[in-house]
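Here is the structure we will look at, set down as structure tokens.
The values are calculated or read from the model by the stated rules, or taken from the named source; none is laboratory data. Since the model is a prediction, treat every value here as computed from it, not as a measurement. Virtual Cβ from ideal backbone geometry, glycine too; neighbours counted across all protein chains shown. Accessible surface areas use protein heavy atoms only, side chains included; no ligands, DNA or RNA. Shrake-Rupley method; radii C 1.70, N 1.55, O 1.52, S 1.80 Å.
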Amino acid sequence: MGRYQPGGLDGFLSCDRRDRRKEREKNEANRPTATEIGQVTIKLAKLTKQLALQQEQIRRATPTVTVVSGSSPGGQLGADWMSLISLSAARDTSYQKGRALVLISVSAVKDGDGIPLLECLVGGSRITSFPGSTGIGDSFGGTGATMITSNQRVELRGKSTVESPSPVGDVHMSVTVVSIA
């Protein structure tokens, strides 16, 4: 005969104790071992590393865009080049982005007689020019593009293409830098 337990004659309490004991044994059997927990941790670490790598690849593949702009009141353009606007085209170097597409947009107003010529330089190299062969008060300009692999100065300069000065009014330049891998 077993040990005396109070309330042992009550069938309901005996059944309840038996059920609780079976539940404890079942929970003990279903508890993961240290090896199983370690394997789950290793799998989780591996998946986390793969996810981080995928996110890095997405960041590298996604271009980043920055826009800088400047303006100038213009002036009397003579026979020599006159700097009107100078901006910096800075590429995004994060996530191993090594190159950038530089898009340049220029607009100016012809303010008098003469034929002004505006020229855009990136890193000292001529990219495009914008002749002002329009009527007085008319706008002229255009767009240009180039690739860069390092930060560069973008300069807009102007001069007169005739012997007399060529007045130019408001001048605007916008530089969009699209950094890519």
Those strands (runs of 3 or more DSSP E) lying entirely in region 105-165 with at least 3 residues within 26 Å of T93 (Cα to Cα) and open to solvent by 20 Å² or more (accessible area, probe 1.4 Å) = 125-131, 139-148, 152-160
Yes/no for L156 being hydrophobic (A, V, I, L, M, F, W, C), modelled with pLDDT of 95 or more and within 15 Å of G75 (Cβ to Cβ) = yes
Quickly run through region 148-179 and pick out the residues that are hydroxyl-bearing (S, T, Y) and in contact with a strand residue (DSSP E or B) (Cβ under 6 Å, 6 or more places away or on another chain).
-> T149, S160, T161, S166, S174, T176, S179
Does G7 count as touching a Ser or Thr at 6+ places or on another chain (Cβ under 9 Å) and either open to solvent by 100 Å² or more (accessible area, probe 1.4 Å) or at pLDDT below 85 (or both)?
-> yes
Count, please, the residues in region 42-81 that happen to be over 32 Å from the mean Cα position of the chain (by Cα), at pLDDT below 90 and part of a helix (DSSP H, G or I).
-> 0
Pairs where the first residue, in region 169-181, is farther than 24 Å from G135 by Cβ and the second is open to solvent by less than 30 Å² (accessible area, probe 1.4 Å) and assigned to a strand (DSSP E or B), C-beta under 6 Å, 6+ apart | V175/L87; V175/A89; V175/I104; V175/V154; V177/A89; V177/A100; V177/V102; S179/A100
